[in-house]
């Protein structure tokens with residue numbers, strides 16, 4: 001038996017023990033809910049940035065879907081819409097694809113500016129540009 005199968009069998013046995021004890025099961029579900037919600041929130045924040053934003057969202061939904069039926073339905077729906085979006089973008093003319101990438105870049109730069117990251121980096125390289133400072137954290 002492979003290590004992966006042994007790990008899955010061990011996990012199933014632990015979940016069976018947890019589900020037999022109502023208090024432990026309630027605590028487990030609350031823990032899964034908290035961890036899944038934190039991962040999902042982090043993924044939502046990371047969506048417009050380069051990197052694994054959508055992967056983190058799907059990971060958070062997967063964690064929640066392990067215990068909650070509504071999260072499983074949402075995960076299935078979201079994966080379908082994400083795949084449809086990627087297919088649609090892939091069929092578009094290069095100008096539409098460029099517009100989507102430029103819009104994403106504008107969102108990233110805008111949020112970095114609002115959070116003060118641009119002004120912070122400018123200070124590191126001794127650029128005194130007041131317009132790079134965040135209007136929120138001035």
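Points to keep in mind about this one:
- Rounded to 10°, Cα long-axis angle of helix 69-91 versus longest principal axis of the chain: 40 degrees
- Rounded tilt (10° steps) of 22-46 against the dominant C-alpha axis of the chain: 20 degrees
- Across the chain, the convex hull enclosing all Cα atoms gives 198 Å³ per residue.
- Net lengthening on full extension, residue 73/residue 6 (0.36 nm per residue, minus Cα-Cα): 21.3 nm
- For the chain, the relative contact order is 13 percent, taking Cα pairs closer than 8 Å that sit 6 or more residues apart in sequence and dividing their mean separation by the residue count.
- Region 93-124-region 1-37 distance, computed between alpha-carbon centres (Å): 41 Å
- The angle between the Cα long axis of helix 94-114 and the longest principal axis of the Cα atoms of the chain comes to about 90 degrees, rounded to the nearest 10.
- FRET E, pair residue 131, residue 88, Förster distance 35 Å, beta-carbon r, rounded to 0.05: 0.45
- Pairwise label distance in nanometres, residue 97 with residue 30, each label 7 Å out on the Cα-Cβ vector: 5.0 nm
- Taking 31, 80, 11 in turn, the Gaussian network model of the chain (Cα-Cα springs below 10 Å) assigns the largest fluctuation to 11.
Read-outs throughout are calculated quantities, based only on the coordinates presented, and are distinct from any laboratory measurement. This one's a predicted model, so the numbers in the text were calculated from it and none came from an experiment. Virtual Cβ from ideal backbone geometry, glycine too; neighbours counted across all protein chains shown.
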